[in-house]
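Asks: One structure, pasted below without further comment.
The values are calculated or read from the model by the stated rules, or taken from the named source; none is laboratory data. Keep in mind that what you see is a predicted model, and the values were worked out from it rather than measured. We place every Cβ from the backbone using ideal geometry, glycine too, and count neighbours over all the protein chains shown.
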Amino acid sequence: MLSCQEGDHEQGEIMAVFTNSSCPKQGLCCLECLKQIHNSHLQDAINFREYINRKKSKLETLKTIKDFITQLQSLAATLSDLINELSISDELIQNQSSQDLTRDIKNIIKIEKSDKLILSKLPNIVTQISALKQDIKSIQSSQGPSQVIEEQSARSIIISTSGQSIQSNNNNSQVMNIQVQSSFTFSKINKHEDILLNFQNNEARSSSIFSQTRYILSEEVITENSISRIKVQCGEAVSIGICHQNIVFHNDNVFEGAFYGAYILSNEGIVTTCLKGVKNSQVKFVEINFGDTIVVEVNLRARKITWSNETAKRKIALELYDDVKVFNFIFGLKSSVFGSTFVKILP
């Protein structure tokens, strides 16, 4: 069993991992770490199954970077060989042989081509190299995690298979179960027929030529006592929020028109609460424009929903007024003069 290395945590059982770059204490954490250090950002915790998957993903990232390095080295070698071949004599013409003159003429033609095809591209590459060097220095100087995972010991930890559940079963401490949900897709069933999905079910697009808003729900539900987070990129005229599983649409127009049982942020920047058939609690936020990245976080333990526009750097929170235990994310797509719109779930 892995135990916490913080001095005052009595070597508590390790329960989760924090890899968020903005976290004040990255690495392994126990129950006391969650309470004392990570309480404000529990949604960033990952269990060991997700950590292992993330590790595999980053190994692929390293392989990709190494492939790029090989390509850059090959390019540098090829370019160096070309330049070495393009030698021009500095002797006076009258002192050169016919063979030397012919070689110089051919090389001058090649250099002129290089000027047009290669030289114009090199300054951009050099600029990127300078920026990359600064980024590399920044990464090298960043502080590592406070508690390092030893892979052999990590294998002894039981990994939950019921989602991203972080749980401590230490008999000497209270049992704590935090559901951190961050993997969501669009529902293939609970949607308007005019909304089309891509193969991965992470991008929804309206195919309608009419201006009415069409709705689609998430496939996965937001469960009681969980902290759920979804990040999306928005097209034109997108709204996003959460709704009851038994959401009711107006005049039986399923996934279209007015409804109740939802908390919605519209593209106009209005947060609307639709409960018991009455729309209320309209709050001016910030418009959702084309290309904006929106993060919605739902904390059912605290009965709160938060919308963050990462593009506009704005955030607003709203209390959940009812006692419903289970919600879905809901998305509205409204076609406009610019054509169909879309919303894409980001990792």
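Asks: Pairs, please: C-beta under 8 Å, at least 6 apart or cross-chain, first residue in a helix (DSSP H, G or I) and in segment 92-103, second surrounded by 10 or more Cβ atoms within 10 Å (Cβ to Cβ) and aliphatic (A, V, I, L, M)?
Replies: I93/L101
Asks: Okay, moving on. Find the residue count for segment 319-330, including only residues that are assigned to a strand (DSSP E or B) and in contact with a Ser or Thr (Cβ under 7 Å, 6 or more places away or on another chain).
Replies: The number of residues fulfilling the criteria is 2.
Asks: Mind counting the residues in segment 178-233 that are in a strand (DSSP E or B) and surrounded by 13 or more Cβ atoms within 10 Å (Cβ to Cβ)?
Replies: Adding up the residues that qualify gives 33.
Asks: For the subset of segment 286-301 comprising residues that are under 12 Å from S228 (Cβ atoms) and not charged (D, E, K, R), which member is surrounded by the most Cβ atoms within 10 Å (Cβ to Cβ)?
Replies: Looking at residues that are under 12 Å from S228 (Cβ atoms) and not charged (D, E, K, R), I get V298.
Asks: Please specify each residue of segment 40-63 satisfying the condition of being in a helix (DSSP H, G or I), within 21 Å of N225 (Cβ to Cβ) and among the polar types (S, T, N, Q).
Replies: Answer for segment 40-63, where residues must be in a helix (DSSP H, G or I), within 21 Å of N225 (Cβ to Cβ) and among the polar types (S, T, N, Q): S40, Q43.
Asks: Does segment 238-248 contain at least one residue that is modelled with pLDDT of 85 or more, hydroxyl-bearing (S, T, Y) and within 28 Å of I209 (Cβ to Cβ)?
Replies: Checking segment 238-248: at least one residue is modelled with pLDDT of 85 or more, hydroxyl-bearing (S, T, Y) and within 28 Å of I209 (Cβ to Cβ).
Asks: With S138, S87, S97 as the choices, which residue is loosely packed, with under 10 Cβ neighbours inside 10 Å and of a type in the set (G, A, S)?
Replies: Criteria check complete, one pass: S138.
Asks: Still on this structure, please answer the following. Taking into account only those residues within segment 7-50 that are of a type in the set (G, A, S) and either modelled with pLDDT of 75 or more or touching a strand residue (DSSP E or B) at 6+ places or on another chain (Cβ under 9 Å) (or both), which is surrounded by the fewest Cβ atoms within 10 Å (Cβ to Cβ)?
Replies: It comes out as G27.
Rundown of residues vs (1) in a loop (DSSP other than H, G, I, E, B); (2) modelled with pLDDT under 85; (3) in the same structural domain as T213 (by TED's automatic domain parsing), yes/no style:
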| site | (1), (2), (3) |
| --- | --- |
| N251 | no, yes, yes |
| I264 | no, no, yes |
| K279 | no, yes, yes |
| N289 | yes, no, yes |
| V296 | no, no, yes |
| T306 | no, no, yes |
| A312 | yes, no, yes |
| A317 | no, no, yes |
| L333 | no, no, yes |
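Asks: Follow-up question, since we're still on this one. Determine if segment 228-235 includes at least one residue that is over 30 Å from A16 (Cα atoms), modelled with pLDDT of 80 or more and out of contact with any Pro (no Cβ under 9 Å at 6 or more places or on another chain).
Replies: The answer is yes; a qualifying residue exists.
Asks: Out of (1) at pLDDT below 75; (2) in contact with a Ser or Thr (Cβ under 7 Å, 6 or more places away or on another chain), the odd one out for G144 is which?
Replies: G144 satisfies every listed condition except (2).
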